[in-house]
Amino acid sequence: MAAFTHPPQPPPAPPAAARTHDTPTPSAADSDLPVLGPSRPVRITSQAVGLDAAVDRVGTSADGTIALPDQGDHAGWYSGSVTPGQRGNALLVGHLDTTRGPAAFYALGALREGDRITVHRRDKSVAHFTVTALNVYDQDDFPSTSVYAPTTHPLLTLITCADWDPTTRTYTANLVITAQPEPQRGS
């Protein structure tokens, strides 16, 4: 259980472009994607890996990094980003583990391209996404500009820790999962 006795490693600081609800003008290719209005996420699920976590609102820490949720079994929606389902890049972060064991995003590494992620929103609407990419980035080389970039269509970006270093007793990388909205039926 030594792997569960470490301080959390927050995701790197988002660039200014990620701290806005403004998004570029959508292209015609985005027209078949569902776009929802703003509504805070309250729960995130993925049956493929048994993910089921409440979602709290998080901002930035004193050092400018995205804050992590206070509770390990909760995910955190970065309130500087759009809400999931809106046009733009919605950022959710979560702990991989805690001193008590696995945390909300523990199973994210088992997701595969094509797996479904569902975000339940405060207004009772649901945003469905399909995993399109899984990447691990060293914290010293984290591509903030591209990971946090605004988009013309709804995008869901999930971030957690990766690559445990037993010598330093810390994580040295971040797992970033990107998911696109599922096209509207009949499109």
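The values are calculated or read from the model by the stated rules, or taken from the named source; none is laboratory data. Values in this document were obtained by computation on a predicted structure and should not be read as measured data. Heads up, the Cβs are rebuilt from the backbone with ideal geometry, glycines too, and the neighbour counts pull from every protein chain shown.
Summary table below
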item	result
Flag if residue 122 is more than 14 Å from residue 180 (Cα to Cα), basic (Lys, Arg) and without any contact (Cβ under 8 Å) to a residue 24 or more places away in the chain	no
Residue among 25, 65 that alone is surrounded by fewer than 13 Cβ atoms within 10 Å (Cβ to Cβ) and modelled with pLDDT under 95	25
Residues being hydroxyl-bearing (Ser, Thr, Tyr) and under 28 Å from residue 35 (Cα atoms) - total across region 66-107	4
Flag if residue 171 is surrounded by fewer than 22 Cβ atoms within 10 Å (Cβ to Cβ), farther than 19 Å from residue 33 by Cα and not polar (S, T, N, Q)	yes
Filter result for residue 141 (in contact (Cβ under 8 Å) with a residue 60 or more places away in the chain and either surrounded by 20 or more Cβ atoms within 10 Å (Cβ to Cβ) or of a type outside the set (A, V, I, L, M) (or both))	no
Cross-chain or 6+ apart pairs with Cβ under 8 Å, region 156-172 first and touching a residue at least 24 places away in the same chain (Cβ under 8 Å) and outside any strand (DSSP E or B), then surrounded by 15 or more Cβ atoms within 10 Å (Cβ to Cβ) and of a type outside the set (Val, Ile, Thr)	169/6
Members of region 105-123 found to be part of a loop (DSSP other than H, G, I, E, B) and farther than 20 Å from residue 73 by Cβ, listed by number	112, 113, 114, 115, 123
Single condition residue 79 does not satisfy, out of (1) over 21 Å from residue 182 (Cα atoms); (2) in contact (Cβ under 8 Å) with a residue 60 or more places away in the chain; (3) touching a Lys or Arg at 6+ places or on another chain (Cβ under 6 Å)	(2)
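Let's see how each residue does on (1) out of contact with any strand residue (DSSP E or B) (no Cβ under 6 Å at 6 or more places or on another chain); (2) among the hydrophobic types (A, V, I, L, M, F, W, C); (3) surrounded by 15 or more Cβ atoms within 10 Å (Cβ to Cβ); (4) modelled with pLDDT of 95 or more:
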{"site": "84", "(1), (2), (3), (4)": "no, no, yes, yes"}
{"site": "93", "(1), (2), (3), (4)": "no, yes, yes, yes"}
{"site": "115", "(1), (2), (3), (4)": "no, no, yes, yes"}
{"site": "122", "(1), (2), (3), (4)": "no, no, no, yes"}
